[in-house]
1. Compare the Cα positions of G106, W47, A371 along the charge dipole of the chain (+1 at Cβ of Lys, Arg; -1 at Cβ of Asp, Glu; about the Cα centre) and return the one farthest towards the positive end.
2. Quick one: helix 324-340 against the long Cα principal axis of the chain, what's the angle to the nearest 10°, folded into 0 to 90?
3. Within the stretch 117-132, find all residues whose amide N lies under 18 Å from a label point positioned 7 Å from the Cα of K318 along Cα-to-beta-carbon.
4. Which sequence of Y286, Y190, Y350, Y305 reflects their accessible areas, 1.4 Å probe, from the largest down?
5. With 16 Å as the cut-off, how large is the P(r) tail for the stretch 144-192, expressed as percent of Cα-Cα pairs?
6. Using alpha carbons only, how many angstrom separate the centre of the stretch 365-393 from the centre of the stretch 62-105?
7. Sorted from largest down, what three extents in whole angstroms do the Cα atoms of the stretch 1-128 have along their principal axes?
8. Just to confirm, what accessible area per residue do you get for the stretch 3-294 at 1.4 Å probe, in whole Å²?
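The values are calculated or read from the model by the stated rules, or taken from the named source; none is laboratory data. This structure is a prediction, so every number in the text was calculated from the model and none was measured. Note that each Cβ is placed from the backbone with ideal geometry, even for glycine, and that neighbours are counted across all protein chains shown. Areas reflect the complete protein model, heavy atoms only, side chains present, ligands, DNA and RNA absent. Shrake-Rupley method; radii C 1.70, N 1.55, O 1.52, S 1.80 Å.
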Amino acid sequence: MAETIIKVDLKQSAYENDKIHNRWHPDIPMAATVKPGDDFIIECIDWTGGQIANNDDASDVRDVDLTQVHFLSGPVGVEGAEPGDLLVVDILDIGTFEDSQWGFNGFFSKQNGGGFLTEHFPEAQKSIWDFNGMFTKSRHIPRVEFAGLIHPGLIGCLPSAEMLAEWNKREQELVDTDPDRVPPLAAMPYEDTAHMGRMNADEAKVAAAEAARTVPPREHGGNCDIKDLSRGSKVYFPVYVDGGGLSVGDLHFSQGDGEITFCGAIEMAGWIHLRVNLVKDGMKKYGVKNPIFKPSPITPKYDDYLIFEGISVDEQGKQHYLDVNVAYRQACLNAIEYMTKFGYSKAQAYALLGCAPVQGHISGVVDIPNACATLWLPTDIFDFDIQPNAEGPKIEVDGSVDVPLAPDL
Ligand code: ZN
């Protein structure tokens, strides 16, 4: 077995582990160094650092401190990596910890984080998922079980100083267009809860004031939340600083396309086994600005779907011009409405779209004025027939339409 170069203790505060950080900054010191061709294991805590508990009360989701996220393991330096190279990362495997066989999914309250459907689900709720080998099910969402498409929600290299300055500039310009918005338009640097890894206290204080938050995906990859970037994938990351500085975290047991519930997929602590190599000067050679990757040769086999269409006309009937965001929201709302006909509460249906191997597709972006997006719901995750037929839907789940999941108590 490969060497574990970063270890975590789930009982310890993330702030006490100097091989963990929660901001992006070029000067965060490497937590470990490896050579091209090496493979190694990195352990990760869950993205919130243990703020969410395995129980039936969503007050922890409601009160979560989002300035602390995401806790990442790293950065790992790779000998010989220089700006302009591509860091080739093989995700050899990902697994769960023996004493942590569960994950969580939640909806943030609109006042603290929000989510893709926050106008429809403004209160905090959560569902807990138990792992059984490669399968998962939830006591909060009956009659579904599926195989995990396990992946890191967040992985990427440290930015250069120039790139960091550019991120801060463009995100601040966006926030300035509506500075009082709830939830905010972007998460700007925030010093108080920054964890700058092995940086000494004085340097960390200065750097934290400008260090980027980990919330959005950016040119380096970062928080892309791509379910198909799963174990078995090969990723090509742009390198911006000497050594590259690869960090990873936010492990997901499974996720639907879009991670629409925001808190988040099925979130877990666990370990990831990686191998690194370099393509010298690869960014220029291949014209790479954002990461590219090859998918895993192994994926859960769900090939029958019920596919919901959505167009860019919003809930109030307003026409939007080729707006894919509005169209995907409608596809999701259509799927939720459909699932309630089988007895699921709306919250159960929403949670399922965030957790199950649901596919989202951009289907049409030219047919003015409507974009068309589709939501692909795998039918085989249900232990009953969820397809339409002449008899009409049969109530299969002992729930009811507006009962909350695990509410905040
Ligand atoms: Zn996540």
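1. The residue sitting farthest along the positive end of the dipole is A371.
2. 50
3. Hits in the stretch 117-132 for K318 at 18 Å: 117-121.
4. Largest to smallest exposure gives the sequence Y286, Y190, Y305, Y350.
5. Pairs farther apart than 16 Å: 63 percent.
6. 33
7. Extents along the principal axes, in whole Å: 49, 34, 27.
8. Accessible area per residue: 39 Å².
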